[in-house]
Structures are given as structure tokens and as C-alpha cells.
Amino acid sequence: MNVVTLIGSLRAGSHNRQLAEATAALLPAGSHVANVDFSTLPFYSEELDVEGQTPASVQKLRQEIAAADAVIVATPEYNGSLPGGLKNAIDWASRPYGRGSLVGMPALVVGASMSPYAAKWARGDAVRALGVAGAKPIDDTIGLGSSHEFLGADKALPEETLEALRAGVASLVAAVEQANLQAA
Ligand SMILES: Cc1cc2nc3c(=O)[nH]c(=O)nc-3n(C[C@H](O)[C@H](O)[C@H](O)COP(=O)(O)O)c2cc1C
């Protein structure tokens, strides 16, 4: 499977980056995983979104997502929602309307926060935005609260989180297989 990750935190030591990596590690053997860097995208503007003239960073984002079988979105919670940079990437990937690179794309949303709330609102908002963008997000998201206790040197994810991640990845794989069957 060819999977791309979209990670809502840009900081090097991001817990969400680590959670995305732990999720990707559970994909079937032989899967190819690449991270989509959306940090250089301009803010979405319909004036920049002119077919054949979109900025190179936008073309790259759209091509990388379109070439994937599925996406894994890892989001922290910023002020009760998903970070603006991640939302901006979803907005760019949602267009051209009805033909965006996210259309029909199976997506798994995970989220880590240092608070006990496990980025619950951000995960919910990510599922909603992905769905409106035309993607096929798995309804069940996976959250990790108090993430500093479980991520980092000499630490390990709780067994219940690993179990939820395994189930989420299995749902993602099943959604990709279903999409491939429908396309055949
Ligand atoms: C601008 C900003 C807003 C935040 N708002 C929330 C919030 O609403 N709820 C919450 O639980 N944590 C909030 N946090 C804490 C982040 O969830 C926490 O820093 C998280 O670990 C960041 O993810 P990362 O480790 O992947 O960078 C906020 C952090 C920042 C920088």
C-alpha cells in the first residue's frame, strides 16, 4: 500500500509525528509511507487556484496525495480544533471541486495531546473536513492523551492505544481494498 501522512504539528519533536510513525509501522509489510510537507503552501485563495497556474508547492501536494492509496492524518488540537496549516492543506487538496486529490481517499485520523483530552475536538473536526473534501475518513479515530507520558525515549504506547491503532489500520486497509474493487 502506498500511504501518505499529513502531520498537523510542524515541530521536530512532535508527538503527533511519533504517533503517525507508530501508526504507519502497523501497515502491511511492503507498504510505502511518505510524509507530505505542507509547510510551504500559501494560504488557500481561489485567486491562486487557477488551473494550470497553481503554485509549485500546491501541485506537489496534490500529486503526492493523488498517488497514494490512503492517508493517515495526525493532528494535535489547537484552540479546540485542528491546526490551521493542516486545514489549509486539506483545503488545497479538496479542489478542483469534485476532482480534488482527496476525493474517494480512505483516511485514518489519529491525534495526540499532552492534555488528557487526546485532541478529541481536533480529530472530530479533521474527520468532518476530510469528509466534506470528498475523502472517506474512517469514523473511528484514535486519540492519545497525556502523550508526554507515552512518547519519547524509554517510553511505550499503552497496549489499548496499540490495539486501537491496529484496528484503525485494519479498517484503513479494508477501505483501500474496497476502493480498489470498486475501481476494477
Ligand atoms: C496554539 C496552541 C493551542 C493549543 N490548544 C490546545 C487545545 O485546545 N486543547 C488541548 O488539549 N491542547 C492544546 N494545545 C496543546 C497541544 O495539544 C500539545 O502541545 C500537543 O502535544 C502538540 O502536539 P505535538 O506534540 O504533535 O506538537 C495547544 C497548543 C498550542 C501550541
Which one is nearest to Ala153 (Cα to Cα) among residues in region 14-35 that are out of contact with any helix residue (DSSP H, G or I) (no Cβ under 7 Å at 6 or more places or on another chain), among the small types (Gly, Ala, Ser) and crowded, with 18+ Cβ neighbours inside 10 Å?
-> Ser14
Which one of the conditions (1) within 13 Å of the ligand (Cβ to nearest atom); (2) more than 18 Å from Arg123 (Cβ to Cβ); (3) under 14 Å from the mean Cα position of the chain (by Cα) does Ala12 fail to meet, given that it meets all the rest?
-> (3)
Given the conditions (1) closer than 30 Å to Met114 by Cβ; (2) in contact with a strand residue (DSSP E or B) (Cβ under 8 Å, 6 or more places away or on another chain); (3) surrounded by 16 or more Cβ atoms within 10 Å (Cβ to Cβ), report the number of the one that Gly84 does not fulfil.
-> (3)
Mind telling me which of the residues Ala126, Ala122 ends up being touching a Phe, Trp or Tyr at 6+ places or on another chain (Cβ under 8 Å) and under 23 Å from Tyr78 (Cβ atoms)?
-> Ala122
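Looking at Tyr97, is it under 14 Å from Ser9 (Cβ atoms), hydroxyl-bearing (Ser, Thr, Tyr) and more than 14 Å from the chain's Cα centre (by Cα)? Quick ask: steps written out before the conclusion?
Working: under 14 Å from Ser9 (Cβ atoms): no; hydroxyl-bearing (Ser, Thr, Tyr): yes; more than 14 Å from the chain's Cα centre (by Cα): yes.
No: the conditions fail for Tyr97.
Any residue at all in region 163-172 that's within 14 Å of the ligand (Cβ to nearest atom) and of a type in the set (S, T, N, Q)?
Our first condition is that a residue be within 14 Å of the ligand (Cβ to nearest atom); within region 163-172, this holds for none.
Within region 163-172 (the criterion being within 14 Å of the ligand (Cβ to nearest atom) and of a type in the set (S, T, N, Q)), the answer is no, since none of the residues qualifies.
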Give the residue that is farthest from Ser94 (Cα to Cα), with candidates limited to residues of region 117-147 that are surrounded by fewer than 22 Cβ atoms within 10 Å (Cβ to Cβ) and among the basic types (Lys, Arg).
-> Lys120
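Before we move on, is Gly100 farther than 22 Å from Ala24 by Cβ, in contact with a Leu (Cβ under 6 Å, 6 or more places away or on another chain) and surrounded by 15 or more Cβ atoms within 10 Å (Cβ to Cβ)?
Values: farther than 22 Å from Ala24 by Cβ: yes; in contact with a Leu (Cβ under 6 Å, 6 or more places away or on another chain): no; surrounded by 15 or more Cβ atoms within 10 Å (Cβ to Cβ): yes.
Judged against the criteria, Gly100 is not a match.
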Under the condition of being more than 24 Å from Ala174 (Cα to Cα) and in contact (Cβ under 8 Å) with a residue 60 or more places away in the chain, which residue from region 120-151 is farthest from the chain's Cα centre (by Cα)?
-> His148
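Of the residues Ala122, Ala118, Ala74, Ala112, only one is at positive phi, within 12 Å of the ligand (Cβ to nearest atom) and touching a Leu at 6+ places or on another chain (Cβ under 8 Å); which?
Values: Ala122 fails: at positive phi; Ala74 fails: at positive phi; Ala112 fails: at positive phi.
Answer to the check: Ala118.
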Note down all Cβ pairs under 7 Å where the first residue falls in region 30-52 and is charged (D, E, K, R), the second is modelled with pLDDT of 95 or more and surrounded by 15 or more Cβ atoms within 10 Å (Cβ to Cβ), and they're at least six residues apart or on different chains.
-> Asp49/Arg95
Test result for Leu181, buried (at least 20 other Cβ atoms within 10 Å of the Cβ) and outside any loop (DSSP other than H, G, I, E, B) | no
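The values are calculated or read from the model by the stated rules, or taken from the named source; none is laboratory data. Since the model is a prediction, treat every value here as computed from it, not as a measurement. Backbone-built Cβ (ideal geometry, glycine too); neighbour counts: all protein chains shown.
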